[in-house]
Amino acid sequence: MERLGQIARSVQALGEPLPLPWKSWQDKHIARYPGQVSLLVAAPGVGKTTIALNIARAVRPRRVLYVLVDTDPMDIVTRATAMVTNQPLPAPE
């Protein structure tokens, strides 16, 4: 049980959770803390990038490291620009 106590103390040491963009996540007590690493895994085209960009926007002005393994940087810039300017994404080529 000492290990469980150590885990509980380490969670408390993280401080306040970061703001999340969706009330449904907050209602389910889904929380992210500064310094934590999160991994979004799902099939192609189901919204991983959109989720990551929304979380990054919700926690600003904090810095976020976003590592891509299946999306090119230009696609991210295009999506982020569309999100920030409330403009639709351009049609795929």
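The values are calculated or read from the model by the stated rules, or taken from the named source; none is laboratory data. The model shown is predicted, which means the values in this text are computed figures rather than measured ones. A quick note on method: Cβ atoms are made from the backbone with ideal geometry, for glycine too, and the neighbour counts reach across all protein chains shown. Please note that ligands, DNA and RNA were not included when accessible areas were found on the heavy atoms of the full protein model with its side chains. Shrake-Rupley method; radii C 1.70, N 1.55, O 1.52, S 1.80 Å.
A few notes on this one:
- Nitroxide proxy distance, nm - points 7 Å out along Cα→Cβ at ILE51 and LYS23: 2.1
- Degrees between helix 73-85 axis and first principal axis of the chain (Cα, 0 to 90, nearest 10): 90
- Pairwise Cα distances in the chain exceed 19 Å for 52 percent of all pairs.
- Seen from LEU40, the other residues with C-beta closer than 14 Å to its C-beta sum to a net charge of +1, counting Lys and Arg as +1 and Asp and Glu as -1.
- Dipole orientation for the chain: of the candidates PRO17, PRO90, MET74, PRO17 has the Cα lying most toward the positive pole (charges on Cβ; Lys, Arg +1; Asp, Glu -1).
- With the whole protein complex present, LYS28 retains an accessible surface near 140 Å², based on a 1.4 Å probe.
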